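Heads up, the thing below is written out as structure tokens.
The values are calculated or read from the model by the stated rules, or taken from the named source; none is laboratory data. In this text the structure is predicted, and so the values were computed from the model without any measurement. In this analysis, Cβ positions are derived from the backbone assuming ideal geometry, glycine residues included, and neighbour counts consider all displayed protein chains. SASA here: full protein model, heavy atoms, side chains in, ligands and nucleic acids out. Shrake-Rupley method; radii C 1.70, N 1.55, O 1.52, S 1.80 Å.
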Amino acid sequence: MSARAHRIKVREVVSETADAVSLIFDVPADSAGRFAYAPGQFLTVRVPSERTGSVARCYSLSSSPHCEDRPAVTVKRTAGGYASNWLCDNVSAGSVLTVLEPAGNFSPRSLDRDFLLCAAGSGITPIMSIAKSALAAGRGQVVVLYANRDRASIIFERQLRELNRRYPRRLVVLHWLESERGLPGTQALAGLLRPYRRFEIFLCGPEGFAAVTTRALAQLRVSARTIHREEYRSLADNPFEPPPGHSGMLSAGISPPQGDPGLEHAGMTGAERAGMPNGTATVRVEIDGATHTLPWPRTRKLLDVLLDNGIDAPYVCRESACGTCVCSVRQGRTRMLLNEALIDEEIAMGLTLACQTLPESEDVHIVFDQ
């Protein structure tokens, strides 16, 4: 299991609605730095499974690092959803869960902007974290559009009312209830959101809601590229279990045995490296206070190379969406096969995703410092 996985005690379970609970964690003092997080990030939780050993699911942090002492995630039951139902049925105060450190890039770069935060259903969880943080630590206006089936489905209804009472001049909450207004439509949402079209926009919710909201914003001449969207998807791999083709020893971050090609290559001279086949580059990686020099086959993604050599690099989805494996290219050239997490400005700064990155020059210097 990854060294970035921690066993954390649940301090309290709060019932938010009939089918949603918040899990508030007690993070030990010696792990507090590892669990520092930005509003809008998520935790990946290990859920036991008799069939597969475990399954991994990502749940957004609904707490705010700016006004709450303990991190919390909110879990809503889904029809036929094994993990969400297991957590809602089995976790209580005192339970211990295995979780990865906070990850994700669905987070504002500054809290001093005006924000339009659009959510539906359980999509409110990262939106709530951003809203509380912007109100507590920022200076701008915050508008929350929140769609639900009916009033009983509103997660955080009491908390939203309390925030409205505390920040009456800075917070606007726009509820859309299907039981009263039907499904949200493009024209109606465009009219509702028009006054806030120049705000920084964050969007989280089911595909249908995200699509109609994006169309409404397009009618208001808001570019889709300026909308920050959080997408939930199934993980292709389980970060709590050894990746396919890797032994448990390597995935646990234990050094490979002596004679491993990566360790032998670390001591090569420049002349020896020059004699290597064209299919292999050399990468120097700085991570967790250590530096590793490794051969990097040109057809192998950087994350796979690191895991092959027992280096405990951070990752969750391995599909370019979550941004957990972001790192900096300090020297050399690389290219990404897919990118759903980084914006153009971040790429121009030299950031890349280890799970999708291939080498394009002979020598590359990578730093994990995010």
For this session: Enumerate the helices (runs of 4 or more DSSP H) found wholly within the range 140-224, keeping only those where 1 or more residues are among the small types (Gly, Ala, Ser) and in contact with a strand residue (DSSP E or B) (Cβ under 8 Å, 6 or more places away or on another chain).
Result: 207-219
For this session: State whether one or more residues within the range 3-10 are among the basic types (Lys, Arg), over 21 Å from Ser122 (Cβ atoms) and open to solvent by less than 40 Å² (accessible area, probe 1.4 Å).
Result: yes
For this session: Provide a single number: the residues in the range 331-358 that are open to solvent by less than 30 Å² (accessible area, probe 1.4 Å), in contact (Cβ under 8 Å) with a residue 24 or more places away in the chain and at positive phi.
Result: 0
Seminar exercise, completed: Over the range 77-87, the set of residues open to solvent by 30 Å² or more (accessible area, probe 1.4 Å) and closer than 16 Å to Val10 by Cα is Trp86
For this session: Mind telling me which of the residues Gly104, Gly81 ends up being in contact with a Pro (Cβ under 9 Å, 6 or more places away or on another chain) and modelled with pLDDT under 95?
Result: Gly104
For this session: Give the residues of the range 89-127 that are closer than 23 Å to Lys9 by Cβ, touching a residue at least 40 places away in the same chain (Cβ under 8 Å) and assigned to a helix (DSSP H, G or I), sorted by residue number.
Result: Thr125
For this session: Look at the range 285-324 and say how many of its residues are surrounded by 21 or more Cβ atoms within 10 Å (Cβ to Cβ), aliphatic (A, V, I, L, M) and over 13 Å from Pro239 (Cα atoms).
Result: 7
For this session: Considering (1) over 27 Å from Pro195 (Cβ atoms); (2) touching a Leu at 6+ places or on another chain (Cβ under 7 Å), say which one Cys118 fails and leave the rest.
Result: (1)
Exercise. Quick check: anything in the range 305-314 without any contact (Cβ under 8 Å) to a residue 60 or more places away in the chain, outside any loop (DSSP other than H, G, I, E, B) and of a type outside the set (Lys, Arg)?
Worked result: yes
Exercise. Quick one: how many residues across the range 166-210 are over 27 Å from the mean Cα position of the chain (by Cα), β-branched (Val, Ile, Thr) and open to solvent by 50 Å² or more (accessible area, probe 1.4 Å)?
Worked result: 0
For this session: Being of a type in the set (S, T, N, Q) and outside any loop (DSSP other than H, G, I, E, B) is the filter here, so list the residues in the range 7-45 that pass it.
Result: Ser15, Thr17, Ser22, Ser31, Thr44
Seminar exercise, completed: The one condition Glu345 fails out of (1) within 15 Å of the chain's Cα centre (by Cα); (2) over 23 Å from Arg4 (Cβ atoms) is (1)
Seminar exercise, completed: In the range 45-76, anything of a type in the set (A, V, I, L, M) and under 17 Å from Phe25 (Cα atoms) is listed as Val45, Val47, Leu61, Ala72, Val73, Val75
Exercise. Across the range 46-73, which residue is nearest to Ala120 (Cα to Cα) among those that are among the polar types (S, T, N, Q), part of a strand (DSSP E or B) and in contact (Cβ under 8 Å) with a residue 40 or more places away in the chain?
Worked result: Ser60
Exercise. In the set Leu193, Leu203, Leu145, Leu117, which member is of a type in the set (A, V, I, L, M, F, W, C), touching a Ser or Thr at 6+ places or on another chain (Cβ under 7 Å) and within 18 Å of Ile227 (Cβ to Cβ)?
Worked result: Leu203
Problem set entry | Only one of Phe199, Phe209 that is among the aromatic types (Phe, Trp, Tyr), closer than 16 Å to Ala119 by Cα, in contact (Cβ under 8 Å) with a residue 40 or more places away in the chain and touching a Leu at 6+ places or on another chain (Cβ under 8 Å) | Phe199
